[in-house]
Amino acid sequence: MDWGNVTAEDLLDALREVDWSSPPRPLSEFFSRFTVPRSYSKWNSRLKCNLYYYRTNYFLLIVSVLILGFLRRPLAIVAAFLTALSLAFLNDSFAGTFSEKVTRTVRQFSPHLAAKMRPPLTPVIRGRPSAKRTIYICGRPRWFFVLMSSFVSFILWFVSAGLLTVLWALAIGLLATILHASFRTPNLKARLNTFREEFRAVWRNYSEL
């Protein structure tokens with residue numbers, strides 16, 4: 001895959017649709033080999049490839065930096081968790097997995113309530129969905145949970161007065177992510193993993209037709 005031709009919008013769409021349940025890459029691989037990119041095009045391609053391949057590692061890195069910055073602010077930790085959760089809801093795979101696990105847990109105590117948490121059926125015309133598939137979480141549209149978690153996290157940020165702290169912690173985490181993604185040399189495993197996930201995405205889209 002030529003990462004130089006991948007736009008930022010394409011990268012964001014891929015990160016939104018890809019499965020985030022995979023475990024992070026081992027630290028021995030994460031801190032394996034670093035080199036300076038030879039040109040801007042090499043750096044641009046390397047940055048996108050590493051952001052996609054080490055996405056789970058970078059997410060945990062940013063969350064860890066935020067937690068360290070909020071050790072003295074318990075409410076800020078909860079606000080950071082809700083903010084991360086609202087962002088995670090934007091990923092299709094995470095939203096579907098979260099909804100499935102919550103519904104499965106509720107079914108053990110109240111099957112009637114669990115039945116109400118099922119997503120509505122999508123109308124099908126001539127064997128294909130009539131519109132773009134809407135993501136539901138526990139029977140409600142995804143945007144409902146995104147707005148609710150964002151609103152509660154904003155209130156907690158305001159009460160804990162930790163907004164300046166989160167900005168500094170977030171800046172440090174993003175800076176560390178960009179530096180690592182810029183100097184970490186993509187290996188053959190990263191490229192093969194990208195091709196494998198591309199094949200899965202194409203096969204999934206084909207099977208839905």
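The values are calculated or read from the model by the stated rules, or taken from the named source; none is laboratory data. None of the values given here were measured: they were computed from a predicted structure. We place every Cβ from the backbone using ideal geometry, glycine too, and count neighbours over all the protein chains shown. Accessible surface is based on the protein model in full, side chains and every heavy atom, while ligands, DNA and RNA are left aside. Shrake-Rupley method; radii C 1.70, N 1.55, O 1.52, S 1.80 Å.
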message: Suppose we filter the stretch 134-166 for residues that are farther than 25 Å from E100 by Cβ, aliphatic (A, V, I, L, M) and either open to solvent by 40 Å² or more (accessible area, probe 1.4 Å) or free of Cβ contacts under 8 Å to residues at least 60 places away in the same chain (or both); how many remain?
response: 5
- request: Would you point out the residue of the stretch 100-129, among those that are surrounded by fewer than 10 Cβ atoms within 10 Å (Cβ to Cβ) and at pLDDT below 75, that is farthest from the chain's Cα centre (by Cα)?
  value: R126
task: Would you confirm whether any residue within the stretch 77-96 is open to solvent by less than 40 Å² (accessible area, probe 1.4 Å), of a type in the set (D, E, K, R) and either touching a residue at least 60 places away in the same chain (Cβ under 8 Å) or in a loop (DSSP other than H, G, I, E, B) (or both)?
output: yes
- prompt: Hey, does the stretch 184-195 have a residue that's under 30 Å from R72 (Cα atoms) and either at pLDDT below 85 or open to solvent by 30 Å² or more (accessible area, probe 1.4 Å) (or both)?
  reply: no
